[in-house]
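Colleague: The structure's right below; bear with me while I get my questions together.
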Amino acid sequence: FHEDVTVGIGRRLADEMIDEFHSIRERVLAGRSVAAFETVRQRKDGMLIDVSFSNAPVRYATGRIRGVVALVNDISERKRTERSLRESEEQLRMALDAAEMGVWTWDVETGSVVWSERLAPIHGLEPGEFDGSFEHYQALIHPDDRSFVLESIEAALEGEAGYDIEFRVVWPDGTVRWIWGQARVVTDASGKPARMVGLGRDVTDRKQREEALAFMADASETLSSTLDYERTLREVA
């Protein structure tokens, strides 16, 4: 690991990478291996690329260091994929926030439930109040709707029906709200249900509008029937 070689390599690196290079060189010359880490390197054409870099000293039989073995892998494609995934996740988060929806995941075997931040207020809870258990989730469901929700989940796990339902929840202060939920079942390699991944949204305002419209329609029909009855009576008289 001669000085003229290291200087030659150093000249091909971007200025901000030289200190890192010499730090690694000193560690190797001291007889210590450098565990794999991710960094940036400059190609001969000047392009900077993401790489995974590790090296270790090579010794003579006497123990004196004779050189270094280096392993450099181009991980640019993996890093691009990771960045693309992060961007997609951010776009999805923004879309869900705009739609006022939260995301949840239920592990069928362990019973663990993971919520996104938006689901806590939808259920009338403060951040961190939900303990992440399926039992706690069931307790939040309105008693009159609990069997319906559990049966819908079971049907989805059995592949008998999709999971797309509306049901009521009861907040700690007694407020009753309507929730829309949709989910899909994710199976393991053997085809056995492993978890459910779904969305949740408060649809109370829409349900109240629907109920108001239904009430008005019923009232209108009742009024119309009453007027028809009175008209019939007058004609008979």
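Colleague: Just subtract the alpha-carbon distance of THR110 and PHE134 from 0.36 nm times their residue separation and send over the number in nm, one decimal.
Modeller: 7.7 nm
Colleague: For LYS44, give me every one of the lysines with a C-alpha distance below 28 angstrom, ignoring sequence neighbours fewer than eight places off in its own chain.
Modeller: Cα-Cα hits under 28 Å: LYS79.
Colleague: Given H placed on each backbone N at 1.01 Å, which residues far from GLY162 in sequence or on other chains put an amide H within less than 5 Å of it?
Modeller: none
Colleague: Quick one: which of 165-176, 102-113 comes out on top by average Cβ neighbours within 10 Å, and what's the full order, highest first?
Modeller: 102-113, 165-176
Colleague: Hey, another quick one. Points 7 angstrom from Cα along the Cβ direction at ALA161 and GLN42: gap in nanometres?
Modeller: Those two pseudo-labels are separated by 6.5 nm.
Colleague: Near the amide H of VAL68, under 5 Å away, which other amide H atoms are found, from residues 5 or more places off or on another chain, if H is placed in the peptide plane?
Modeller: VAL58
Colleague: I'd like to know which of SER133, VAL113, GLN208 lies farthest towards the positive end of the charge dipole of segment 91-209, counting +1 on Cβ of Lys and Arg and -1 on Cβ of Asp and Glu.
Modeller: Positive-most Cα among the choices belongs to GLN208.
Any read-out appearing in this document is the output of simple, stated calculations on the displayed coordinates, not a laboratory observation. Quantities reported herein were computed from a predicted structural model and do not represent experimental measurements. Because the Cβ atoms are built from the backbone with ideal geometry, glycine has one as well, and the counts that use them run over all protein chains shown.
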